[in-house]
Each structure stands twice: as C-alpha cells, then as structure tokens.
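Participant: Submitted below is the structure of interest, expressed as structure tokens.
Values in this text are rule-based calculations from the coordinates and carry no lab data. Everything numeric in this text was worked out from a predicted model, so none of it was measured. Methodologically, a virtual Cβ is constructed for each residue, glycine included, from the backbone with ideal geometry; neighbour enumeration extends over all protein chains shown.
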Amino acid sequence: MRRLLAAGTVAALVLLAACSDDKDDTSADTSASAATTATTAAGTSAPAATSTTAGAGTAASAPATTAPPTTAAPTTTAPDNPDLGAVKVKLTPVAQATEPVFVATRPGDAATLYIAERGGRLRALRNGALVEAPVLDISSLTLAGGERGFLGFAFAPDGSHLYVDYTDRDGNSHIDEYAVAADGTVDPATRRQVLFQQQPYPNHNGGEVIFGPDGYLYIGFGDGGSAGDPQRHGLDLGTWLGKILRIDPRASGDQPYSVPADNPFVNQAGAKPEIWSYGLRNPWRFSFDRATKDLWIGDVGQGNIEEVDRATVADGQGKGTNWGWSAFEGRARYNADQSPDGTVGPVFQYTHENGNCSVTGGYIYRGAAIPALRGAYLYTDYCGTGVRAIVVDAAGNAGDAVQLTDQPGSIVSFGEDANGEIYVCSLSGNTVYRIDPV
C-alpha cells in the first residue's frame with residue numbers, strides 16, 4: 001500500500017488503500033488531477049485443475065512460459081454504453097465513521113449498509129441511521145496503523161456467515177469466520193480461523209475478501225512489503241503473497257477450508273493450490289462486474305505506475321493469470337531477474353505525475369440512478385481527490401480518464417449496495433458517501 005512518491009512530490013502518506021514501501025507512515029493530504037494514460041488490455045489461458053485439497057505447498061517458482069503479453073478477448077456480455085460527458089454526479093454523505101475502510105451489504109438485508117472501521121469495529125447503517133453499538137468488535141485482535149488493522153469483510157452468499165480480513169497485533173494476516181443470525185446479529189463466540197498468513201513487512205497486506213459469482217471466496221494478498229519485491233514473492237507460486245486466492249471457506253472435515261477442484265495449480269508440485277491469480281504487488285481492492293462477471297483489479301504500483309487489470313469471463317476471470325509483478329510495473333520492465341514471459345498487461349495504467357501515488361480500485365457501475373454511467377469503471381488515487389471513471393470497450397481499449405467529482409481526498413475504498421449503487425470511503429473527514437445524480 002504505502003509507497004515512495006516520485007521525486008518532487010510530498011513525503012510518503014498513510015495508506016490503507018494501497019500504497020507502500022519502506023518509509024515510516026505519516027499522514028498528509030494532497031491533491032492530484034485525473035489520470036492520463038491508457039492503452040491496451042491483455043489476457044491469458046489457464047491450466048486445468050482436478051483435485052480438491054485444503055493444504056499449502058512448498059516454495060516453487062512460476063513455471064516457464066513462452067508467450068508475451070497478448071490482447072484480451074472481448075467480454076462475453078456486451079457492456080452498456082456509458083456517456084461520461086453526460087454524467088453529472090454528486091457525493092452525498094451517508095455516515096461518519098472512524099477510519100472507514102470498506103462498505104458492503106449483507107444478502108437478504110438490503111436496508112443495511114455495513115461499514116468496516118480500521119480500528120476493528122463493524123458498524124451498521126440501517127435505514128439511514130448509524131447504529132452506535134458495533135455489529136462486531138475485533139479491536140482486541142488487531143492494532144491499526146499504517147497499512148494494518150481491520151481491512152475488509154464479506155458476507156456469505158446466503159448471509160449466514162461473515163468473513164473478516166485483518167492483521168493481528170504482530171502484523172500477520174487472518175481470515176476469520178463468524179456465524180450470523182437471521183436478524184444480522186454476529187456472535188463473536190463463533191469465531192473460527194480460516195486462513196493465516198505471516199507477513200514479513202508491515203506493508204502490502206492486501207485486505208480484500210469477496211465472494212465471486214461462483215460462490216467461492218476470493219482473497220487478496222500483497223507481495224509482503226518493503227519495496228521492489230525483495231523476496232521475489234510476486235511470481236513465486238510457493239507463497240500466497242502477491243496473489244489472489246480462491247477457496248471454499250467452509251470447514252471440510254478437519255480442514256478449515258477446501259480448495260475448488262478447478263483451481264489452476266492444484267496439481268502442480270510445489271505450488272499453493274489456493275492460488276487463483278499471481279504476479280500482483282498489492283491488489284488492495286478488486287471486484288466482479290455484476291453484469292458481465294469480469295474481474296477488475298486495482299493493483300498498486302511501485303514508484304511510477306498504477307494499474308487496473310481486467311480478467312474477462314472469456315479469459316477465465318483471472319484463472320492462472322500472471323499479472324507480471326515484479327517483472328513489470330504496469331507495462332514497464334521492472335526487475336530484470338524476473339521472467340517477462342506469459343505476463344498479462346493492465347487494461348489501464350497511469351503515472352505518478354500530478355501527485356498520483358496509489359490506485360484505489362472500484363467497481364463497474366451497474367446502478368439505476370445514473371444511466372449514463374452504467375458500464376463505466378470507477379476508481380481513484382489515494383493521493384488525489386474525487387472519483388474518476390474510465391470506459392473500456394469489448395476489445396480492451398480504454399478511453400481517457402474522466403474526473404467525476406473534485407472531492408473528497410484520501411479515498412481508500414469503494415463499495416456497492418444491493419441495487420448496484422456505489423459508495424466511497426474517505427479518511428479525509430472520516431466519511432462514507434454515496435454517488436448520486438445531480
């Protein structure tokens with residue numbers, strides 16, 4: 001998440017959202033204009049998988065491949081035709097919370113918006129009013145600061161369980177499960193650890209947990225931190241670091257979870273079977289398009305380039321995809337000792353010009369309130385201000401970024417409600433906003 005800023009910009013910032021490197025955290029706000037560069041997408045095929053396990057693997061490097069980055073195939077479902085020039089939006093404050101880092105709804109409870117506070121509380125915004133008593137309080141388990149704390153959560157598709165992503169007081173990552181009653185009450189006594197990852201450095205912890213269209217849980221981990229992928233985790237299939245994982249989080253016998261039989265590396269010796277995609281620096285926020293089911297990833301760059309990745313249904317939604325870090329930062333060659341073969345380039349990238357520093361990935365807008373925005377991807381940069389949007393056509397060509405709002409600053413996350421409307425979490429003012437039409 002927190003990274004070194006380009007020469008001539010301000011000092012490194014506190015980022016939950018996505019940045020990173022080896023400096024101490026300091027808090028500051030700065031402004032930045034909209035991103036400017038965008039070019040092609042890419043895609044790759046994935047190996048088949050047949051087995052089901054719940055285990056780990058020993059260290060192993062990614063297999064050698066021969067194909068250079070290729071252009072992504074069209075999506076299987078035609079997107080809407082957004083007209084960003086016609087879009088007029090505003091941000092409506094809906095709640096004040098202490099360091100809000102993520103928002104989501106629970107299936108079957110469309111009237112409630114759940115808000116994660118980095119310090120460890122899960123709050124409920126019910127019928128427009130923020131409930132004072134937390135739904136869940138894990139503040140005794142975590143220690144917020146820098147890129148650590150309560151980072152993300154997801155409800156099971158049937159609403160019966162809650163999965164939380166947080167770093168413990170030693171800085172290591174946990175995915176824990178809690179039982180949820182029919183009325184939305186979470187019982188803290190039901191806590192069960194699903195997955196644990198030791199973190200070698202205090203940054204690049206990831207933080208996204210989300211259920212995909214297939215009903216499985218997807219988990220994002222950064223490369224473990226420091227700067228420049230010093231331990232070369234990104235392309236190493238023997239570690240979860242620098243990956244998106246895919247699991248069935250329900251307990252299976254004496255195992256805390258199971259691995260879907262069609263995960264791409266379940267039969268590969270030395271590879272972690274939980275891995276879905278690899279070659280990521282810090283996929284702080286990613287999402288599935290609720291219409292096309294494509295996977296969109298905001299992957300935080302090193303010192304020069306921020307990137308957005310798209311994995312279409314036609315390309316397997318990222319199954320087995322090598323996104324390139326740390327052979328590449330965006331489309332630029334980075335670590336020369338890492339193989340460039342078989343990597344997939346971003347669908348969109350932008351530089352650290354104008355004060356940019358760290359991408360905050362968002363969602364394809366699928367709500368009904370702003371018809372001209374339907375089909376556009378919403379994102380921003382932590383060091384900038386306001387909400388940005390791009391349109392990517394079926395061939396993977398991204399248009400110019402458009403600045404939709406001028407405020408707020410320090411946006412760490414977007415969220416989506418049951419109707420496809422989009423929310424914004426900002427550490428500047430500790431406010432959750434909804435994106436509304438003017």
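Participant: Apply the Karplus parameterisation 6.51 cos²θ - 1.76 cosθ + 1.60, with θ equal to phi minus 60°, to every residue of region 315-326 and state each ³J(HN,Hα) to the nearest whole Hz, in sequence, with x for glycine and proline.
Facilitator: Running phi through 6.51 cos²θ - 1.76 cosθ + 1.60 with θ = phi - 60° gives 9, x, 6, x, 4, x, 6, 9, 7, x, 6, 10 Hz.
Participant: Further question: Give me the Kirkwood hydrodynamic radius of region 84-437, using the inverse of the mean 1/r over all pairs of distinct Cα atoms, in Å to one decimal. Write down the numbers at each step before the final one.
Facilitator: Values: mean 1/r = 0.0497 Å⁻¹.
Kirkwood hydrodynamic radius for region 84-437: 20.1 Å.
Participant: Where a Cα-Cα gap under 13 Å defines reach, which aspartates and glutamates qualify for Lys293, not counting those fewer than 8 residues away within the same chain?
Facilitator: Lys293 reaches Asp214, Asp315.
Participant: How big is the dipole moment of region 84-437 about its Cα centre under a simple scheme where the beta carbon of each Lys and Arg is +1, that of each Asp and Glu is -1, and everything else is neutral? Debye, nearest 20, please.
Facilitator: Numbers: 28 positive and 42 negative charges, 74 e Å.
With Lys and Arg at +1 and Asp and Glu at -1, about 360 debye.
Participant: Positive end of the charge dipole of region 84-437 (Lys, Arg +1 and Asp, Glu -1 on Cβ, about the Cα centre): tell me which of Gln403, Asn172, Ser160 has its Cα farthest that way.
Facilitator: Gln403
Participant: Could you list Val103, Val94 in order of exposure, starting from the residue whose Cβ has the fewest other Cβ atoms within 10 Å?
Facilitator: On the way: Val103 27, Val94 19.
In increasing order of surrounding Cβ atoms, one gets Val94, Val103.
Participant: Indicate the gyration tensor shape class of region 154-212 (rounded, prolate or oblate), computed on the Cα atoms with a ≥ b ≥ c the square roots of the eigenvalues: a/c under 1.5 is rounded; otherwise a/b larger than b/c is prolate and the rest oblate.
Facilitator: Values: a/c = 3.13, a/b = 1.92, b/c = 1.63.
Taking the square roots of the gyration eigenvalues as a ≥ b ≥ c, region 154-212 is prolate.
Participant: Using packing as a proxy for protection, rank 165-172, 361-368 so that the peptide with the highest average count of other Cβ atoms within 10 Å comes first.
Facilitator: Details: 165-172: 18.2, 361-368: 23.1.
Answer by packing, highest mean first, reads 361-368, 165-172.
Participant: Between Ala395 and Arg290, what is the FRET efficiency for a Förster distance of 25 Å, r being their Cβ-Cβ separation, to the nearest 0.05? Mind dumping the intermediate values first?
Facilitator: Details: r = 22 Å, r/R0 = 0.87.
Once rounded, the FRET efficiency stands at 0.70.
Participant: Measure off 7 Å from each Cα along the Cα-to-Cβ vector at Gln193 and Ser428, then give the distance between these two points in nanometres to one decimal.
Facilitator: The modelled label-to-label distance comes out at 3.9 nm.
Participant: How do His204, His233, His174 line up, fewest other C-beta atoms within 10 Å first? Don't skip to the end; give the middle numbers.
Facilitator: Details: His204 33, His233 27, His174 18.
Going from sparsest to densest Cβ surroundings: His174, His233, His204.
Participant: What lysines sit close enough to Lys272 to cross-link, taking a C-alpha to C-alpha distance under 17 Å and skipping anything fewer than 8 places away on the same chain?
Facilitator: Hits, sequence-local ones excluded: Lys243, Lys319.
Participant: If a/c stays under 1.5 just call it rounded; otherwise compare a/b with b/c (prolate if a/b is bigger, oblate if not). Do that for region 302-438, with a ≥ b ≥ c from the square roots of the Cα gyration tensor eigenvalues. Could the numbers behind the result be given before it?
Facilitator: Details: a/c = 2.20, a/b = 1.44, b/c = 1.53.
Oblate shape, in that a/c is at least 1.5 and b/c is the bigger or equal ratio.
Participant: A follow-up question, please. Provide the net charge surrounding Ala182, with neighbours chosen by a C-beta distance below 13 Å and charges set as Lys +1, Arg +1, Asp -1, Glu -1.
Facilitator: Surrounding charge for Ala182 is -3.
Participant: Cβ under 12 Å from Gly206's Cβ, Gly206 left aside: what net charge do those residues give with Lys, Arg +1 and Asp, Glu -1?
Facilitator: Details: positive: Arg148, Lys243, Arg281, Arg285; negative: Glu147, Asp165, Glu208, Asp223, Asp299.
Overall, the nearby charge balance is -1.
Participant: If you don't mind, there's one more thing I want to ask. Under the 0.36 nm per residue contour assumption, what length would be gained going from the current alpha-carbon distance of Lys88 and Asn127 to full extension?
Facilitator: Numbers: separation 39, 0.36 × 39 = 14.04 nm, distance 2.57 nm.
Once the chain is fully extended between Lys88 and Asn127, it gains 11.5 nm.
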